[in-house]
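Novice: Starting off with a structure, shown below.
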Amino acid sequence: MSLEEKVEAILYASENPLSIADIATVLSENKDEVMKALKALIKDYRKRPTSLDIVRNGIRYKMQLKNEFSDLVTPVSKREISNLELRILGFVAANPQCMRGDIVQHFGDRGRAPLEGLVHRKFLSARKYRNTELYSVTREFYRYFNINKSELESKVKNSEEAENVE
């Protein structure tokens, strides 16, 4: 089997984005050769009709479904994040350094377990503050949702401006 096929298999099987060094280590191959194979693979995916894409996020790469196919697969795919977890993430993203009490007030007691799960999965960070915790989104949040901090701040600002107009 070719190096391209091996790189493709590694990207397909990995839950997390991988760097060239990660892939080279797994395959016991030279990083330059892995990079060449990855570039050829990306070029091949872009020129043929396929529902998959290899995307770059910083120095890491991931194979994923193209956005236009998301609605199509929703009925048969497993949700990684529940609606309540998404709403909590959105709340914290829009209100950085919010307190546990703010989240409980907004979502009730049913928000406590998902909040702890989001911290455990490293989407949120919790920092002790007096007798409570302050929550913020993490690098894992930005990586998972493929958004950077300035894009998020811009979306929050636009959303707040839209609410003020209404």
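Computed from the coordinates by the stated procedures, all read-outs in this text should not be read as laboratory data. As the structure is a computational prediction, the values presented were derived from the model and not from experiment. We place every Cβ from the backbone using ideal geometry, glycine too, and count neighbours over all the protein chains shown.
Novice: Below 23 Å, Cα to Cα, which lysines can residue 39 reach? Residues fewer than 8 away in the same chain don't count.
Specialist: Within the straight-line limit of under 23 Å, residue 39 reaches these lysines: 6, 31, 47, 62, 66.
Novice: Over the Cα atoms of the range 87-134, Rg to Rh with Kirkwood Rh, two decimal places?
Specialist: 0.91
Novice: Give or take rounding to whole Å, what are the principal axis extents of the alpha carbon atoms in the range 3-71, in descending order?
Specialist: Principal-axis extents of the Cα atoms in the range 3-71, largest first: 37, 23, 20 Å.
Novice: If you keep only loop residues by DSSP, which trypsin sites (Lys or Arg not before Pro) in the range 8-114 have at most 11 other Cβ atoms within 10 Å of their Cβ?
Specialist: Answer by residue number: 78, 79.
Novice: Given 5 Å bins starting at zero, what is the percent of C-alpha pairs of the chain in each, up to the one with the largest pair distance?
Specialist: Going out from 0 Å in 5 Å bins, the chain shows 1, 7, 14, 15, 14, 14, 12, 10, 6, 4, 2, 0 percent.
Novice: Moving on to the next point. Using only the Cα atoms of the range 83-165, what do you get for the radius of gyration and for Dmax, in Å?
Specialist: For the range 83-165, the Cα radius of gyration and maximum Cα-Cα distance read 12.7, 37 Å.
Novice: To test your reading of the geometry: what angle, between 0 and 90 degrees and rounded to tens, separates the Cα axis of helix 83-94 from the longest principal axis of the chain?
Specialist: Taking the Cα atoms of the chain, the angle to 83-94 is about 80 degrees.
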